[in-house]
Amino acid sequence: MTKISRREALVVLGAVTATGCLPVRDNPGENLAKAGVKVGVLTDFPNIGSNRNLELADTPAIIARVAKPQAGSISIGDIHLIALSKVCTHFGCVVTAPVNNELGCPCHGSVFSLETGAVKQGPANKPLPTFKLEARSDGIYAIP
Ligand code: FES
């Protein structure tokens with residue numbers, strides 16, 4: 001039986017790990033994020049302003065049809081969709097349902113654009129973050 005030193009064992013282990021030859025457990029959360037979350041199909045968004053609410057990565061979110069392409073939106077033909085976090089960037093309250101293409105925060109009165117997530121009225125000073133959207137053969141997916 002051949003003995004190897006502890007140092008030799010560490011070198012071999014490092015090389016095997018670096019080449020990916022050892023089985024590495026997948027991160028289930030990472031795989032879920034790559035798989036995405038189905039947020040609907042195009043017919044769920046028949047008009048500008050049509051929207052759906054759901055949780056993405058444990059974050060309340062809204063997916064809305066917007067009038068034109070925006071940073072963070074996707075376009076399928078002439079349909080443009082954006083996914084926004086509904087967590088106010090001021091102190092984390094959840095914004096209410098859109099009214100007149102705006103999302104209002106019930107806590108301190110910030111107002112955000114449904115089209116872009118931009119702040120239209122403070123005290124919040126950062127826009128609502130967007131989630132990446134992808135169009136797939138069976139629907140629209142958000143990648144949390
Ligand atoms: S938490 Fe939304 S305005 Fe303060």
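The values are calculated or read from the model by the stated rules, or taken from the named source; none is laboratory data. As the structure is a computational prediction, the values presented were derived from the model and not from experiment. A quick note on method: Cβ atoms are made from the backbone with ideal geometry, for glycine too, and the neighbour counts reach across all protein chains shown.
When we screen LEU114, LEU54, LEU84, LEU42 for residues that are of a type outside the set (Gly, Ala, Ser), within 15 Å of ALA142 (Cβ to Cβ) and modelled with pLDDT of 95 or more, the only hit is LEU84.
For ALA35, indicate whether it is within 16 Å of the ligand (Cβ to nearest atom) and exposed (fewer than 13 other Cβ atoms within 10 Å of the Cβ). Reasoning before the result, please.
Details: within 16 Å of the ligand (Cβ to nearest atom): no; exposed (fewer than 13 other Cβ atoms within 10 Å of the Cβ): yes.
No.
Residue pairs whose Cβ atoms lie under 6 Å apart, sitting 6 or more positions apart in sequence or on different chains, and linking a residue in region 117-144 that is assigned to a strand (DSSP E or B) to a partner that is loosely packed, with under 14 Cβ neighbours inside 10 Å and of a type in the set (Asp, Glu), are TYR141/GLU134. Among the conditions (1) more than 12 Å from the ligand (Cβ to nearest atom); (2) hydroxyl-bearing (Ser, Thr, Tyr); (3) modelled with pLDDT of 95 or more, the only one that SER73 does not satisfy is (3). A Cβ distance below 9 Å, combined with a sequence gap of six or more or placement on separate chains, defines the contacts here; from region 74-94, residues that are more than 23 Å from LYS126 (Cβ to Cβ) and touching a residue at least 24 places away in the same chain (Cβ under 8 Å) reach residues that are assigned to a loop (DSSP other than H, G, I, E, B) and more than 12 Å from the ligand (Cβ to nearest atom) in the pairs ILE79/PHE45. Within this structure, ARG136 fails the test of being surrounded by 15 or more Cβ atoms within 10 Å (Cβ to Cβ) and closer than 27 Å to ALA35 by Cα. Residues in region 102-144 that are under 19 Å from LEU42 (Cα atoms), away from the ligand (no atom under 16 Å from the Cβ) and of a type outside the set (Val, Ile, Thr): 12 in all. Annotation: VAL99 fulfils all but one of (1) out of contact with any strand residue (DSSP E or B) (no Cβ under 8 Å at 6 or more places or on another chain); (2) hydrophobic (A, V, I, L, M, F, W, C); (3) under 17 Å from PRO60 (Cα atoms); the unmet one is (3).
Please go through region 63-110 and pick out each residue that is β-branched (Val, Ile, Thr), outside any strand (DSSP E or B) and surrounded by fewer than 21 Cβ atoms within 10 Å (Cβ to Cβ). Selection gives THR89, THR96.
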